[in-house]
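Written out below as structure tokens is the structure these notes cover.
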Amino acid sequence: PPAGPPAGPPAASGKAVVAAVATKTAAAAASAAAAKLADQLERLNLDAEDAFFNEHTVRSAFLAAGSTIELVRAIVRGTVSNGLALVRPPGHHSERHCAQGFCVLNNVAIAARAAIDELGLERVLIVDWDVHHGNGTQNAFLDDPRVLYCSVHRFDFGKFYPNQESAGPRAVGRGEGVGFNVNVAWNGKGMGDAEYFSAWERVVLPVARQFNPQLILVSAGFDAAHGDSMGGCNVTPLGYALLLRKLLGLAGGRIALVLEGGYHLTSLSASVAACTAVLVRAAAVWGKAASPAGGLPARQGQEPGGCLAEQESTATQKATTAVDQYRLAEPAGTATASDWRSLASDAALDQHELRCRTATPSSAAVQAIEATVQAHAKFWQWTSAPIEQS
């Protein structure tokens, strides 16, 4: 795998080792190679930076990585249209040589490698909207042009976790991978729906469309959500759902959300529920994949917004009111996670997109976005005009 334990098992058994625990016969299927890898993983605790281990950690880490691989297999082979991996521990901080940042195995990086090496894909897009930079994922693919890594995160001039200069906009990849590492790095807190939407419209989507991915993996951390004190940002459940819906216009809608961070349980559950509603509607629109992903893009088209859009203005108004209440107060006491499944309707997202599109992002956000554009000026075509600062 591209991240996780150093040295790893022999190449012939490497794919099966992590995936084995995702099957019903996990215990019986555990081999000497799996035992060796588990031992290496346990010993990583000696080098772990803010990652914590107990007697269940190894099995949980294998389950998380293996479940993510199984989801990717199902999407690429056309068994399902999309999916959400509700896994713990998270993974995007995990490096080849150490576990860190609550992460043990890098679930998304391992699944992306499986999509390429096992399933034969040539272009995988990883979008990381966790409030922290996914240093482990970035380092796993710095020189690999088959994987485009786009991260939108807090940077604070290198002072926000993981406190690395390589999380900045000038880290663009190396060797054959130059241009395929894209960091939108916020230098300050308070970024919300308008700022993230601007980053999507100006950077993430234009680059992703040119890359033309066959599969999208989202490192879906929800610690940039309003109310999460660790992230200090203000993204709402409708904001996350809108970002996801925009991505569904790529790769024929073949997208896997993989849980990363998120430390305010109400914000976390509400945001996951809103994103799940978007995935379910997209699956209803597109149905099962027309062909395996190796022949992508088999399903062409725009994002599914509006395909099944509810037209009742009352539903849209309820969602708008819920978002306003969400911003004005602690998320608890407003809409529940169950409510957000219905509040995140296509009609509501259409209205929320209009609000984000007409809002003016903060000057700090504009500066961060344009710094990314400048760093990648010679790698991608930039047809949209620079964002006007407030």
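Here are the numbers for the structure shown:
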| item | result |
| --- | --- |
| Segment 108-214, Cα convex hull volume normalised per residue, Å³ | 90 |
| Net lengthening on full extension, Val178/Leu265 (0.36 nm per residue, minus Cα-Cα) | 27.5 nm |
| Accessible-area value, Asp143, 1.4 Å probe, nucleic acids and ligands omitted, Å² | 80 |
| Computed E for Asp143/Ser363 - FRET, C-beta separation, R0 25 angstrom, nearest 0.05 | 0.15 |
| Separation in nanometres of the label points that stand 7 Å from Cα toward Cβ, at His97 and Arg170 | 2.3 |
| Nitroxide proxy distance, nm - points 7 Å out along Cα→Cβ at Lys378 and Thr336 | 5.7 |
| Binned Cα-Cα distances of segment 166-288, short to long, each 5 Å bin given as a whole percent | 2, 10, 18, 23, 21, 15, 8, 3, 0 |
| Additional length obtainable on full extension of the chain from Asn54 to Leu354, 0.36 nm per residue less Cα span | 103.3 nm |
| Loop chymotrypsin sites (Phe, Trp or Tyr not before Pro), segment 43-138 (other Cβ atoms within 10 Å of the site Cβ: 12 or fewer; DSSP) | Phe52 |
| Fully extended contour minus Cα-Cα distance, from Thr79 to Glu118, at 0.36 nm per residue | 12.4 nm |
| Neighbour-limited loop hits for GluC sites (Glu not before Pro), segment 52-132 (at most 12 other Cβ within 10 Å; DSSP other than H, G, I, E, B) | Glu55 |
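The values are calculated or read from the model by the stated rules, or taken from the named source; none is laboratory data. Computed from a predicted structure; not experimentally measured. Ideal geometry is used to build each Cβ from the backbone, glycine not excepted, and the neighbour counts take in all protein chains shown. The protein model used for the area step is the full one, side chains on, heavy atoms only, and it has no ligands, DNA or RNA in it. Shrake-Rupley method; radii C 1.70, N 1.55, O 1.52, S 1.80 Å.
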